[in-house]
Number of protein chains: 2
Amino acid sequence: MFDSRTTLAWSQDEHGVPAAVCKDCAVRQDSLCGTLGDQDLSALHKLGRRRHLHRGEAIAWAGEESRDCANILSGILKVSALTHDGREQIVGLLYPSDFVGQPFMGSFDFTVTALGDAEVCIFPRSDFERFLSTRNHLTQALLRRTFDTLSDARKRMLLLGRQSASERIADFLLQMLDRTGGCSASAGGPVTFDLPLSRGAIADVLGLTIETVSRQMTKLKIAGVIGLPGGRTVTIVKREELRHVANAA
Amino acid sequence: MFDSRTTLAWSQDEHGVPAAVCKDCAVRQDSLCGTLGDQDLSALHKLGRRRHLHRGEAIAWAGEESRDCANILSGILKVSALTHDGREQIVGLLYPSDFVGQPFMGSFDFTVTALGDAEVCIFPRSDFERFLSTRNHLTQALLRRTFDTLSDARKRMLLLGRQSASERIADFLLQMLDRTGGCSASAGGPVTFDLPLSRGAIADVLGLTIETVSRQMTKLKIAGVIGLPGGRTVTIVKREELRHVANAA
DNA sequence: CGACTGTTTGATATATATCAATAAGAGTGG
DNA sequence: CCACTCTTATTGATATATATCAAACAGTCG
């Protein structure tokens, strides 16, 4: 495994910035670290280390003391809740540059699992709390992120409580389109991209069953709104029509 | 209307603490203000004013620039989202001592409305932001509150996505029991309290219809788990049985 | 008392879950 | 490169929970 602290030993520039690691970090600008100056970045860097997560591996468990915080470098993680009889609801998705963890909070009520292979930049929670305590602007940045996450969660509450299966699927596809960007042959034309989630995971995000997800997708395919070339690939053919089906707020 | 600033003029103790207002404030200890010392409390007090809200009155509107932050003094407010065709989902309930608003965030995507008459201690957002900026411990306290709110929202996502109507109702009743405390004739015996929400509001919280809420309640009554003496009054007869029905995480 | 709002109850419709089978990929090892 | 297993996805038949439509029934406030 790649250990960032080792790298620090042999490569940092005159400001003490860990050159080979944070400066080259793909998510540096978009992550919480983006607000940090060189000095602080270097200090934070010393607290963290990179870690690879295999598909299905967890970094936080519902009900347990939360030991770490992390920035996502690559891959997608799910935040999920379970009923005691095993039904699952995915209550959040974490993408590269997203922050995981709850500084200043003892326990965390959800499980965080890598949906595919992933890489994270991980910090012991107590170290991270100490780091935050003397940097109000960073606490503020985290607060802003948390408000955003809360708004997302609440929007999905509307989805789960009040929208039909077709609305949920359309909404989900549009969100995925925004996320991935996708690839289009001609401007304004059909856009193709791969869903980063299995049908089962989509069902757990949308509060549906696998079968309903599948059926709604083929319904959209038959209607000519999307294409399903196979696997997890989707083509958005009529984006406006899809937006119309989504019908959201 | 009662203006707290007027009070400040004629009653504060030697530390500059607004005696008749903040010191006597019913929610002082439980609210965000609870973390403040006398100096800071006095400074914050100057920024805010009390405001009475009539039943149905809103203090924030979805999609609009959020002008204010506030502490709830009395009453219950709802945070709600609407689909464009008018279906409503209540995505949060605010009780006395709860904080409303999103400092450092321009817009707010939900509407906040008083369910009954209510009183709030309201601050212009920009003033409150300036106040927070120089007080890291307060920013931290707000961050902790926001994490709690997020956890609540996510737990309700599990409820909305994966639980049956009877589970939702049982869960809701237990939460209300915890909130209100209720009143019991004998320890461990039946507990009676008034629901602060109409059937319609309960339906909007739980993602159900009024009729389903009503039916599930009478089902619990017939089963002898609860009593419904009339109006919004509920008696919890078999708390363990109710917990069993709730079946939660 | 009568209009009104909120609640309960009933009959029926419908969306989605459930159960079940088939099909399509994706690895794995011979 | 071809079986072989495993997982994932699609499709079908049916069940069921909850929504919808509709009416009766309280409370409440003029």
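Taken together, the values in this text are just the output of simple stated rules run on the coordinates, not laboratory data. Only a predicted model underlies this, so the values are computations on that prediction, with no experimental measurement involved. Cβ sites come from the backbone with ideal geometry, for glycine too, and all protein chains shown count toward neighbours.
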Count of lysine pairs in the protein assembly as shown with Cα separation under 23 Å (8 or more residues apart, or interchain):
11
For the protein assembly as shown, just the Cα atoms, rotate onto the principal axes and tell me the three extents in Å, largest first.
64, 59, 44
Unit Cα scatterers, Debye sum, the stretch A:156-239: log10 I(q)/I(0) for q = 0.22, 0.26 Å⁻¹
-1.08, -1.44
Just from the alpha-carbon atoms, what are the Rg and Dmax of the stretch A:110-216 in angstroms?
18.0, 53
Once phi is turned into θ = phi - 60°, what whole-Hz ³J(HN,Hα) does the Karplus curve with 6.51, -1.76 and 1.60 give for every residue of the stretch B:134-150, x standing for Gly and Pro?
9, 9, 4, 5, 6, 4, 4, 4, 5, 4, 4, 4, 5, 4, 4, 4, 4
Ordered by fewest other Cβ atoms within 10 Å, a rough proxy for footprinting exposure, A:LEU47, B:LEU206 read A:LEU47, B:LEU206
Quick check: from the Cα gyration tensor, does chain B come out rounded (a/c under 1.5), prolate or oblate?
prolate
Rounded to the nearest whole Å³, what is the per residue volume of the convex hull around the Cα atoms of the stretch A:19-153?
99 Å³
For the stretch B:153-158, in residue order, the Karplus 3J(HN,Hα) values (coefficients 6.51, -1.76, 1.60; θ = phi - 60°; whole Hz; Gly and Pro = x) are 4, 5, 5, 6, 5, 4
Output the 0 to 90 degree angle, nearest 10, between the alpha-carbon long axis of helix A:38-47 and the longest principal axis computed from the alpha carbons of chain A.
80 degrees
Just want to confirm a number: the relative contact order over the stretch B:95-249, from Cα pairs under 8 angstrom separated by 6+ residues, in percent.
20 percent
Can you give me the Cα centroid spacing of the stretch B:72-126 and the stretch B:185-249 in angstrom?
25 Å
Whose amide H sits under 5 Å from the amide H of A:LEU73, counting only residues 5 or more places off or on another chain, with H placed in the peptide plane?
A:SER97, A:GLU119, A:VAL120, A:CYS121
